[in-house]
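Student: Attaching a single structure in structure tokens format; questions to follow.
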Amino acid sequence: MLGSDILQIFNIRDGGLAIYGGLIAGGYVIAKRCKACKIRPEECFDYIAPFVAIAQCIGRFGNFFNLEAYGAQTQSFFRIGFQTINGYIEVHPVFFYESLATLIIFLLLRHMQKNRKFIGQICYSYILLYSGVRMFLELLRADSLMFLNFRISMVVSVILFIYSGVVLIKRYTQYAIRDSAKPLDLNKSNKKYKK
């Protein structure tokens, strides 16, 4: 139970790591580095967001090998079965659902990079899409991290979904022209990214 042994947070060999924590920590470090180099963080995030999605797509298969991040028991066509200490069970392969969803997100974001309308469009679209997917998948998961009666990832997903949605609406309606940016060309070097 959360709070029973606070030092278990650092026991990464027995869990303790979550994708949202990694994204927040990674985003913070990148933003600090961008500011030090006088680069707009959202510009950098627009470049890397699709690759975060494809990394998640691949990384979720680690959950398959570890028999974790699975869903509730089901008789669905997509179910998978495995042996537990309590016997054989068939469950929703939530890790596979997320892997497939993040692959689609990757493809969508890569397409958006070629037609970017404004700075931040790609990174906020990633946040919106992933948090939306995660909200749905949390309803299926049987091993969600809980605090009181709340699924922590569900709460974070709702907050991020609303925040990114508001930012995107604001950008589309108010800054699409004034904050315009050329489509990202990943085939050309960008001098301002060189230290």
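Student: Sorted from fewest to most neighbouring beta carbons within 10 Å, what does the list 74, 84, 102 look like?
Tutor: In order of increasing Cβ crowding within 10 Å: 84, 74, 102.
Student: Just to confirm a number: summing +1 for Lys and Arg and -1 for Asp and Glu over residues other than residue 163 whose beta-carbon lies under 15 angstrom from that of residue 163, what do you get?
Tutor: +2
Student: In addition: Please report the net charge: other residues with Cβ closer than 15 Å to the Cβ of residue 53, K and R +1, D and E -1. Before the final figure, lay out the partial values.
Tutor: Working: positive: 60, 110, 134; negative: 46, 98.
Net charge around residue 53: +1.
Student: Turning to a different aspect of this structure: Provide, for the range 18-193, the number of lysine pairs with alpha carbons under 18 Å apart, each pair being eight or more places apart or on different chains.
Tutor: 11
Student: What are the chymotrypsin sites (Phe, Trp or Tyr not before Pro) within the range 68-141 that DSSP puts in a loop, where the Cβ has at most 16 other Cβ atoms within 10 Å?
Tutor: Within the range 68-141, the qualifying chymotrypsin sites (Phe, Trp or Tyr not before Pro) (loop, at most 16 other Cβ atoms within 10 Å) are 77, 78.
Student: What relative contact order, as a whole-number percentage, does the range 18-193 give when Cα pairs under 8 Å and 6 or more residues apart are counted?
Tutor: 24
Bear in mind these aren't lab numbers, they're just calculated from the coordinates by the rules spelled out. This structure is a prediction, so every number in the text was calculated from the model and none was measured. No Cβ is skipped: glycine too gets one built from the backbone with ideal geometry, and neighbour counts run over all protein chains shown.
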